[in-house]
Structure formats: C-alpha cells, structure tokens
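K.L.:
Below: one structure in structure tokens.
The values are calculated or read from the model by the stated rules, or taken from the named source; none is laboratory data. Note that the structure is predicted; figures quoted are calculated from it, not measured. When we count neighbours, we look across all protein chains shown, and the Cβ atoms used for this are built from the backbone with ideal geometry, even at glycine.
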Amino acid sequence: MPRKERYAEPGIYHIINRGTERRDIFLEPEDYDYFLFLLTKAKKDYTITHHAFCLMTNHYHLLLETHEHNLSKVMQFINDKYAKYYNKKYTRVGHFWQGRFKSYPLFDDAHFWIVAKYIERNHIKAKMIAELKNYKFQSFFQWKYNYIYLTLLENSKIYDMTLSEYENYIQSEQDIDAIDIVYKAPKLTTVNGKLKMLTKRLETFFNFDTDANRNENIKKAFDYGYTKSEIAKFLSLSHSSVHRILV
C-alpha cells in the first residue's frame with residue numbers, strides 16, 4: 001500500500017519522532033550532543049530555521065521552518081545520521097525509529113505560541129524534572145544561559161518576546177486542550193486530484209451568520225474543500241439536506 005502523501009510546503013512545522021517500541025534514543029549526554037550537532041548541520045546545509053526544540057529520553061520535538069521544498073530531506077538527514085550513530089555506538093541492529101516522523105504544519109501566530117509552550121514544557125509534563133530552567137536539552141535553556149547550542153536559534157520567532165516575557169509565558173500552565181485544538185486544523189485533503197491544506201477552519205464559514213446566510217456559506221465551505229459529510233455534521237444536518245443545497 002503506497003504511503004499517504006505528506007504536506008511539505010515551505011513553512012513552520014512541529015516535528016515529532018520516537019524510538020521504536022518507545023525505547024530510549026538518548027542514553028548518555030554525548031547522545032544529546034550529537035543530535036544537537038546534527039540539528040546545527042541541518043540548519044546550515046538545508047537553510048532551515050529552528051524556532052524551538054526539546055529532546056526527551058525516547059523522543060524529540062522540533063519546531064522548525066523550511067524555506068524550500070525540502071522537509072523530507074532535512075528529516076531524513078537527521079534521522080538517518082542519528083540512527084546510524086546510535087546503532088554503531090551501542091552495537092544494535094534493526095529499526096531504530098517507531099515510524100515516519102510526524103509533521104504538523106502551523107499557519108498562524110496563535111498556533112505557533114501554543115506549540116512553542118508545549119515543546120518547552122514537555123519534560124515538565126512528563127515529570128522528568130521539577131523546574132523548567134534546569135533542563136539543558138531544550139531551546140529555552142540555551143537562550144537563558146547563552147549555552148552551547150544557542151546558535152541553533154538564530155532568527156527564531158521566540159525572540160519576538162524578551163527572555164523574561166518568554167520565560168513567564170512558558171512557566172504558566174497550558175490549557176490541557178490547547179494542543180489538540182491546534183491539530184484539528186488545518187486539514188489535509190485532496191481537491192480535484194491535488195493535495196491541498198485547508199488552512200481556514202470549517203467553523204469560520206459560519207461564525208457570524210450560521211442561519212442568515214447558511215446555504216451560501218455551505219457552498220463556500222464545499223468549494224473550499226470540505227466534504228458534504230463534514231459540513232452536515234458541523235451544522236447538524238443530514239447529508240441529503242446538504243446535497244440538495246449544493247446541487
């Protein structure tokens with residue numbers, strides 16, 4: 001069965017990958033250092049921007065931006081190089097990663113800041129460490145202490161805040177549903193045989209006039225790329241009712 005096509009337009013992505021069977025992928029400090037070295041090299045060789053990152057014991061989070069159509073090449077370089085390094089060092093064979101890396105495209109500032117906070121607080125969420133400022137394998141630590149891999153964050157959007165503003169922001173608790181809301185949209189779909197990212201959420205077609213201009217907005221939502229079933233479910237209508245409006 002062919003792989004599902006991945007959206008990979010230039011832009012900002014939340015990237016996640018885990019070790020196979022959720023096994024640890026970082027065992028010693030030098031393992032984290034090698035991975036961060038690979039991020040540094042990828043930044044230079046593939047002209048990407050690292051906005052934030054957090055390396056956990058059995059997975060990693062990256063908030064990166066591509067400026068060319070090269071997301072898969074970037075991640076293939078990072079993942080392949082690290083897997084070979086680890087397998088050689090620890091004399092192991094077989095699949096290293098759980099599967100293909102997950103990539104979630106982000107399209108607006110609100111989503112960016114939600115994901116940045118989620119990444120910076122990931123080790124707190126996992127109860128790995130008590131205080132945010134004490135985990136060195138994340139972007140915030142690099143900035144706060146002007147640490148070894150601070151150059152990774154060159155041109156990062158997190159610098160839109162001052163250090164104290166950013167620290168206060170990520171120190172605060174995150175709404176438990178916030179990250180899920182981000183990934184309900186945008187939606188990846190196929191329109192006329194071509195892959196399309198629906199960056200406009202379905203509810204925005206009906207925010208102010210669900211009733212007054214309902215039929216017109218149904219047509220707009222359908223033309224944009226949402227299916228009859230999705231529109232019917234959102235409006236609590238039958239599929240046949242939406243179909244009659246559209247024909």
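K.L.:
Just need a number here: residues in the stretch 61-76 that are in a helix (DSSP H, G or I) and under 16 Å from the mean Cα position of the chain (by Cα).
P.N.:
Residues in the stretch 61-76 being in a helix (DSSP H, G or I) and under 16 Å from the mean Cα position of the chain (by Cα): 4 in total.
K.L.:
Tell me, which helices (runs of 4 or more DSSP H) wholly within the stretch 102-175 include 3 or more residues that are among the charged types (D, E, K, R) and within 19 Å of the chain's Cα centre (by Cα)?
P.N.:
109-120
K.L.:
I would also like to ask the following. Could you go through the stretch 77-88 and let me know if any residue there is assigned to a loop (DSSP other than H, G, I, E, B) and in the same structural domain as Gln142 (by TED's automatic domain parsing).
P.N.:
Looking for residues that are assigned to a loop (DSSP other than H, G, I, E, B) and in the same structural domain as Gln142 (by TED's automatic domain parsing), one finds none in the stretch 77-88, hence no.
K.L.:
So, in the stretch 100-135, of the ones that are free of Cβ contacts under 8 Å to residues at least 12 places away in the same chain and over 14 Å from Ile12 (Cβ atoms), which residue ends up surrounded by the most Cβ atoms within 10 Å (Cβ to Cβ)?
P.N.:
This residue is Ile124.
K.L.:
Please verify whether the stretch 7-15 includes one or more residues that are of a type outside the set (S, T, N, Q), out of contact with any strand residue (DSSP E or B) (no Cβ under 6 Å at 6 or more places or on another chain) and either surrounded by 13 or more Cβ atoms within 10 Å (Cβ to Cβ) or modelled with pLDDT of 95 or more (or both).
P.N.:
Of the stretch 7-15, the ones of a type outside the set (S, T, N, Q) are 7-15.
Then drop every residue that is not out of contact with any strand residue (DSSP E or B) (no Cβ under 6 Å at 6 or more places or on another chain), which leaves 8-9.
Checking which are either surrounded by 13 or more Cβ atoms within 10 Å (Cβ to Cβ) or modelled with pLDDT of 95 or more (or both) leaves us with 8.
Yes, some residue in the stretch 7-15 is of a type outside the set (S, T, N, Q), out of contact with any strand residue (DSSP E or B) (no Cβ under 6 Å at 6 or more places or on another chain) and either surrounded by 13 or more Cβ atoms within 10 Å (Cβ to Cβ) or modelled with pLDDT of 95 or more (or both).
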